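Asker: Got a structure for you, questions after.
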Amino acid sequence: MNGLTETKAKLLADPSVVSSVSTYKTKPAIFGKPVVPEKVSGNAISMYLSVPVDGGLEYGNFGLTVNCWASKYDKCIDIQEAVYNALNRQTYAGNTFFLCIKSVVIPSTTVGGGEYNAPVEVLVRQR
Amino acid sequence: MAEQSKVVFESLADFSKVSLGSVEAGNLKFCEIWVTQAKPLAPVDEGQLANSIQFVTGTGKKGGLNDNSQNGRKKGSGNSESFDEINIPLTKKEAAFGATAKHAVPQEFGTKFMAPQPYARPAIAITKGAKITEIIKAIDREVKNGILKGNKKRETFGL
């Protein structure tokens with residue numbers, strides 16, 4: 001219960017997100033962890049907790065970053081848009097609510113590996 | 001009972017200055033706290049990333065940067081590398097903070113096959129959360145000081 005499971009499930013249930021990424025072992029390349037397996041060469045999505053969790057609140061409040069990886073700038077934007085539309089102001093299982101911010105695209109030359117990254121900052125609120 | 005001094009304000013303080021001063025104080029306090037939170041969170045190999053974490057305010061106040069070039073070392077030589085200062089145009093009500101090491105972005109957001117080690121965003125969350133009262137106090141103090149700078153005249157002198 002840290003928002004990652006719910007976010008991944010929500011993304012896997014969205015057809016436009018699933019169609020925008022490549023497949024890995026017959027499943028969409030959407031990973032609920034910070035790194036993508038090295039065998040994945042195409043478009044992929046990874047995610048991680050990027051903000052400390054405040055246990056003093058009466059509700060769950062998690063800050064996640066969803067990284068959208070693609071070798072081309074335009075494709076990277078497309079994945080980011082699909083992720084944003086799938087999550088922003090959406091609910092999951094009746095107790096989870098998502099809010100999103102689209103970050104600027106990080107160029108391939110900056111992060112290395114020849115891949116563009118378009119992060120989406122996700123705020124997950126959970127009762 | 002001792003006679004007390006009586007001070008009368010003949011005109012109000014310049015509120016545009018009070019406003020600007022409080023914003024500057026808030027910005028400076030936010031940046032100072034952010035830097036002190038971000039540096040310990042930054043992953044350390046040779047310490048380049050932590051050394052390059054810094055801030056600059058619109059009024060020219062700077063802090064955080066550990067620049068070894070001051071010690072007579074050459075730029076770009078291992079852990080004695082010196083780093084660029086943040087150099088972006090700012091208005092007096094703005095401030096900028098961040099890291100200028102080359103690997104600052106990959107460490108914050110990760111790469112496709114390397115896990116991220118965020119330091120900037122957690123530090124922002126801590127500064128906005130647990131440390132917000134310190135920022136509010138700094139702004140409050142500056143507002144009070146600014147208001148007291150109005151033209152005042154002492155009418156009665158205490159003993």
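Asker: Take every Cα pair under 8 Å in the stretch B:6-156 that's 6+ residues apart, average their separations, divide by the length, and report that relative contact order as a whole percent.
Answerer: 39
Asker: Something else now. State the Cα centre-to-centre distance between the stretch B:11-50 and the stretch B:118-159 in whole Å.
Answerer: 13
Asker: How big is the dipole moment of the protein assembly as shown about its Cα centre under a simple scheme where the beta carbon of each Lys and Arg is +1, that of each Asp and Glu is -1, and everything else is neutral? Debye, nearest 20, please.
Answerer: 200
Asker: Ranked highest first by the average count of other Cβ atoms within 10 Å around their residues, in what order do B:82-88, B:126-132 fall? It would help to have the intermediate numbers written out before the result.
Answerer: Working: B:82-88: 14.4, B:126-132: 16.3.
For the peptides B:82-88, B:126-132, the packing ranking is B:126-132, B:82-88.
Asker: Put one equal scatterer on each alpha carbon of chain A, apply the Debye formula with no solvent term, and list log10 I(q)/I(0) at q = 0.11, 0.13, 0.14, 0.17 1/Å to two decimals.
Answerer: -0.35, -0.48, -0.56, -0.81
Asker: Of the candidates B:Lys62, B:Lys149, B:Lys112, which one comes out as most mobile in a Gaussian network treatment of chain B with C-alpha springs shorter than 10 Å?
Answerer: Of B:Lys62, B:Lys149, B:Lys112, the most mobile in the Gaussian network model is B:Lys112.
Asker: If each of B:Lys102 and A:Met1 carries a label point 7 Å out from its Cα toward its Cβ, how far apart are those two points in nm?
Answerer: In this crude label model, B:Lys102 to A:Met1 measures out at 4.6 nm.
Asker: Peptide A:47-53: average number of partner chain Cβ atoms within 10 Å per residue?
Answerer: 5
Asker: Here is a follow-up. Relative to the longest principal axis of chain A, what angle (0 to 90°, nearest 10) does the C-alpha long axis of helix A:73-87 take?
Answerer: Taking the Cα atoms of chain A, the angle to A:73-87 is about 20 degrees.
Asker: Assuming a viscosity of 1.567 mPa s and a temperature of 4 °C, what translational diffusion coefficient in µm² per second does Stokes-Einstein assign to the stretch A:1-50, Rh being the Kirkwood radius over Cα pairs? Present the calculation step by step, with values, prior to reporting the outcome.
Answerer: Details: Rh = 11.1 Å.
Stokes-Einstein gives a translational diffusion coefficient of 117 µm²/s.
Asker: Among all helices in chain B defined by DSSP H, which have a length of 27 Å or more along the axis from Cα atoms plus a Kyte-Doolittle mean of at least -0.5?
Answerer: Membrane-span-like by this criterion, though nothing is claimed about a membrane: B:15-41.
Asker: Each residue of the stretch B:88-101 in order: what ³J(HN,Hα) in whole Hz does its phi give by Karplus 6.51 cos²θ - 1.76 cosθ + 1.60, θ = phi - 60°, with x for Gly and Pro?
Answerer: With the stated coefficients, the stretch B:88-101 comes to 10, x, 10, 7, 5, 8, 10, 8, 10, 9, x, 10, 10, 5 Hz.
Asker: Follow-up. Which whole number gives the average, over all residues in B:113-123, of C-beta atoms from other chains lying within 10 Å of the residue C-beta?
Answerer: Partner Cβ neighbours, averaged per residue: 5.
Asker: Continuing with this model, one more query. At 222 nm, what helix-only mean residue ellipticity would the protein assembly as shown give, in deg cm²/dmol to the nearest 500, using -39500 (n - 2.57) for each DSSP H run of four or more? Write out the running numbers ahead of the final one.
Answerer: Numbers: 9 runs with 97 residues, N = 286.
Computed ellipticity for the protein assembly as shown at 222 nm equals -10000 deg cm²/dmol.
Asker: Pull out a ≥ b ≥ c, the square roots of the eigenvalues of the alpha-carbon gyration tensor of the stretch B:8-150, then state rounded if a/c is under 1.5, prolate if not and a/b is larger than b/c, and oblate in the remaining case. Don't skip to the answer; put the middle values down first.
Answerer: Working: a/c = 3.08, a/b = 1.99, b/c = 1.55.
Since a/c reaches 1.5 and a/b is larger than b/c, the shape of the stretch B:8-150 is classed as prolate.
Asker: If r is the Cβ-Cβ distance from A:Glu121 to B:Phe113 and R0 is 35 Å, what FRET efficiency results, to the nearest 0.05?
Answerer: Details: r = 22 Å, r/R0 = 0.62.
According to the calculation, E is roughly 0.95.
Asker: May I pose another question? Per residue, how much space in cubic angstrom lies within the convex hull of the C-alpha atoms of the protein assembly as shown?
Answerer: Numbers: hull volume 57.8 nm³, N = 286.
Enclosed volume per residue, from the Cα hull, is 202 Å³.
Asker: Cα-Cα over 19 Å: which of B:Lys29/B:Lys131; B:Lys93/B:Lys152; B:Lys62/B:Lys93?
Answerer: Too far apart for the 19 Å limit: B:Lys93/B:Lys152.
Asker: Modelling each spin label as a point 7 Å along the Cα-to-Cβ direction, I'd like the B:Thr156/B:Glu85 distance in nm, to one decimal.
Answerer: The answer from the label model is 5.2 nm.
Laboratory data are not the source of any read-out in this text; all were calculated from the coordinates shown. Owing to the predicted nature of the structure, the values given are computational and were not obtained by experimental measurement. For neighbour counting, all protein chains shown are included, and Cβ atoms are generated from backbone atoms with ideal geometry for every residue, glycine included.
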